[in-house]
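Here the structure is laid out as structure tokens; the discussion comes afterwards.
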Amino acid sequence: MKNFWYLVAAYATIWTALWVYLLHLSQKNKALRAELRVLQAQLEKVLTK
Amino acid sequence: MPTWWAVMLVVMVFPGIYACRNRVFHALVLGLTMHIALLLVFLYAPTEQMQGMVQKIFYFHVAAALTMFGAFLLVCVASSMYLWKQAEWWDAIACSAAEIGVVFCTLVLITGPLWARPIWGTWWSWDPTLTLTLVLWLIYVAYLLLRLETSAPQRARFAAIVGIIGFVDVPLIRWSVEKWRTLHPKPVLVQAGGTTGLTSAMLLTFLVCLGAFVLLFFYLLRERVSLAQSQHALAVVRQEIDEHCAG
């Protein structure tokens, strides 16, 4: 079990970093899509006036 | 089967799942492969006699490095296509692959020292392989900084040139691992004559880990390209609204 904590640190870093990045991508994507829907609705309003 | 062909088979087959365009199916296959990879690393692969448990960092460190090289190759190809065709889609692919490549390169640069400390007795050594990998990370961080804030075509073209030139560093890293006598070990995965320095259990574990990382890369690429397309659509709608308001 010598050097076990280096292994734990390496795997914890990999999974934490990947989850944080994936979460960041999906949240940014969700926010952008919501903003796009609002703007498209605004554009339709402007066009129908 | 020669090791090189086994590696190529994994790298070529898994992107096929990306092509099926079903996000849920892709996520399921990715989750399953990741679980199998972890089980193989900790329960199946033998513990290396000289290095002990810490050698198990190898499976994800090398898989992340190979995926990173693939990501930067994609940046190079997509940037060339963007300069040739001037199509936004190629630019979105290049920018997305660069960002994911930097994430994988960061993982390589963190897991490497965590492996080196107990084996070499030092966190970092300025040997050619490590230095060139750090340079590669800096090149593509610079590429991403160029892409910040603006999507002006002139800046996209300049970034594409950086993306292509930056790839020159990748074969240099490979060459430095093979030719320079440094602290970094010589390639064990594929050696001269297409043989491998790994046992069959280690090789199988590594190939599953590589497959999992290739799947992960394409899953992240799918998400990141979708983000780039949403950003582009948003810019188009904003421009239309501004034009109507001005008119």
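The values are calculated or read from the model by the stated rules, or taken from the named source; none is laboratory data. Keep in mind that this is a model prediction, so the values were computed, not measured. Cβ atoms come from the backbone with ideal geometry, glycine included; neighbour counts cover every protein chain shown. Quick note on the areas: whole protein, heavy atoms, side chains included, nothing else; ligands and nucleic acids left out. Shrake-Rupley method; radii C 1.70, N 1.55, O 1.52, S 1.80 Å.
Just a few scattered comments:
- Selection count where residues are touching a residue at least 24 places away in the same chain (Cβ under 8 Å), open to solvent by 50 Å² or more (accessible area, probe 1.4 Å) and not aromatic (F, W, Y), scope the range B:96-141: 2
- Residue among B:M81, B:M53 that is aliphatic (A, V, I, L, M) and within 14 Å of chain A (Cβ to nearest Cβ): B:M53
- Scan of the range A:1-19 for residues that are assigned to a helix (DSSP H, G or I), facing chain B (nearest Cβ under 10 Å) and open to solvent by 90 Å² or more (accessible area, probe 1.4 Å), ordered by number: A:W5
- Hey, B:L183 at pLDDT 90 or above, more than 14 Å from chain A (Cβ to nearest Cβ) and open to solvent by 20 Å² or more (accessible area, probe 1.4 Å) or not: no
- When every residue of the range B:191-200 is checked against the conditions, at least one turns out to be part of a helix (DSSP H, G or I), open to solvent by 30 Å² or more (accessible area, probe 1.4 Å) and hydroxyl-bearing (S, T, Y).
- Restricted to the range B:98-129, and to residues there that are of a type in the set (D, E, K, R) and part of a helix (DSSP H, G or I), the residue that is modelled with the highest pLDDT is B:E99.
- Pairs meeting the criteria (first residue in the range B:217-239 and more than 30 Å from B:A63 (Cβ to Cβ) and facing chain A (nearest Cβ under 10 Å), second residue open to solvent by 30 Å² or more (accessible area, probe 1.4 Å) and modelled with pLDDT of 90 or more, beta carbons under 8 Å, at least 6 apart or on different chains) are lacking.
- Inspection of the range B:231-239 finds no residue satisfying the criterion of being under 23 Å from the mean Cα position of the chain (by Cα) and open to solvent by less than 70 Å² (accessible area, probe 1.4 Å).
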